Structures are given as structure tokens and as C-alpha cells.
Amino acid sequence: MIPSLIGTLTMMGTMMLTALSVAREREQGTFDQLLVTPFRPSEIMAGKAIPNMVIGLGQSTTILLVAQLWFHIPFVGSFAVLYAGLGLFLMAAVGLGLFVSSISKTMQQAMLYAFVLVMPFALLSGFTTPFSSMPAALQTVMVINPLRYALDITKRVYLEGAGMVTLVPDFIPLIIIGLVTLSGAAWLFRRRLT
């Protein structure tokens with residue numbers, strides 16, 4: 001349960017923070033000022049994504065320290081593999097947050113959309129019930145759930161000591177989700193320029 005909290009709490013915080021950041025600027029009118037600067041949409045998006053990823057890594061590290069120092073759960077795997085997986089997961093979570101914020105006009109909309117995504121993702125990620133016991137239709141739909149892969153990575157690295165090669169089936173979907181959501185958000189930002 002505790003290693004699974006690393007991914008779950010990190011996704012909730014990171015996705016909400018990312019979704020609200022652009023929506024707040026859009027409400028205040030500063031986002032339109034940002035769009036007329038010489039920065040490209042991809043650079044603006046990187047400026048919104050990287051700080052949130054750093055905050056997400058800090059949050060993950062805090063939960064990891066609590067798991068080790070407070071609950072004394074022994075860490076079996078490699079920190080490099082764990083943080084590589086968390087980096088890919090945060091890229092996907094921030095991509096989802098930016099995508100949500102790019103379709104939202106107000107902070108309330110962004111918060112509602114993010115909540116509508118986070119709750120099913122958390123419930124259907126394998127956090128509370130094993131993923132393999134879910135109906136086949138839900139397993140197929142949840143292929144787009146980055147938290148599903150993050151939980152697998154954190155549990156397997158933390159408790160089993162899984163290596164990089166073993167986790168490739170979890171890394172590849174996170175890369176695809178991150179690229180698709182970040183590209184979609186960049187396209188929507190670019191569309192606002194025209």
C-alpha cells in the first residue's frame with residue numbers, strides 16, 4: 001500500500017497543479033500576454049511542465065522517505081530505476097494536466113476536468129484492487145492510465161528489486177502517453193495563436 005502511494009499522491013498533486021496553472025493565467029489574462037511574446041508554444045509549455053515535474057519529484061521523494069524512515073519498509077531496488085520510472089510517469093501526468101488546462105477556460109473547469117480524470121485513474125489503477133481482476137473492457141480502456149504503470153514500477157522496484165529491462169513494458173506506454181498528451185497540448189496552445 002505505501003509504495004503505491006508514491007504514484008497516487010504524486011499524480012493527484014502534479015496533475016491538479018499543472019491543470020490549474022494555465023487556467024489561472026487564462027482567467028487573469030496573462031496567458032494571452034504570454035502567447036504574444038517571442039516564445040514558441042513548446043517553450044511556453046516546457047516552462048509550465050518542468051517546474052511541476054520538479055515539484056512532483058520532490059513530492060515522490062518525500063513519500064519515499066516517509067516509507068523508509070517512518071514505516072521502515074526496506075527498499076530492495078535501484079533508486080536510478082525508480083526515478084527513471086517516476087520521471088516518465090511525471091511527464092505523462094504533466095502532459096495530461098497541460099492537456100486539461102489547454103481545453104479549460106476557467107480554473108473551476110480545469111479543476112473539474114482534472115478531478116474527473118484523476119478519480120477513475122486512481123480507482124482503476126490497481127491501487128485498491130488488483131488490475132488483473134478487473135473486467136476485460138476496463139483493462140482495455142485503462143491502457144491510457146499512466147498511474148497503472150507507475151504503480152507497477154514503484155511496487156516492483158521498491159519491493160522486488162526489478163531492473164530497467166524488466167520494466168520496459170511499463171516505460172513504453174508512459175513515453176507514448178506523455179508524447180501524445182504533450183503534443184496535443186502544444187497543438188491546442190498553437191491553435192490559440194491563430
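Answer with yes or no whether VAL165 is free of Cβ contacts under 8 Å to residues at least 60 places away in the same chain and outside any helix (DSSP H, G or I).
On the way: free of Cβ contacts under 8 Å to residues at least 60 places away in the same chain: yes; outside any helix (DSSP H, G or I): yes.
Answer is yes for this residue.
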Worksheet item: Does PHE121 satisfy the condition of being open to solvent by less than 70 Å² (accessible area, probe 1.4 Å) and part of a helix (DSSP H, G or I)?
Response: yes
Worksheet entry | Yes/no for VAL22 being crowded, with 20+ Cβ neighbours inside 10 Å and aliphatic (A, V, I, L, M) | yes
Practice prompt. Name the residue, out of ALA185, ALA137, that is open to solvent by less than 20 Å² (accessible area, probe 1.4 Å) and assigned to a helix (DSSP H, G or I).
Written response: ALA185
Discussion item. Among (1) out of contact with any Gly (no Cβ under 8 Å at 6 or more places or on another chain); (2) part of a loop (DSSP other than H, G, I, E, B); (3) open to solvent by 60 Å² or more (accessible area, probe 1.4 Å); (4) touching a residue at least 60 places away in the same chain (Cβ under 8 Å), there is one condition TYR113 misses while meeting the rest; what is its number?
Written reply: (2)
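The values are calculated or read from the model by the stated rules, or taken from the named source; none is laboratory data. Just so you know, these numbers come straight off a predicted model, no measurement behind them. Glycine gets a Cβ as well: all are built from the backbone with ideal geometry, and neighbour counts include every protein chain shown. Note: accessible area is taken over every heavy atom of the protein model, side chains too, but ligands, DNA and RNA are not part of it. Shrake-Rupley method; radii C 1.70, N 1.55, O 1.52, S 1.80 Å.
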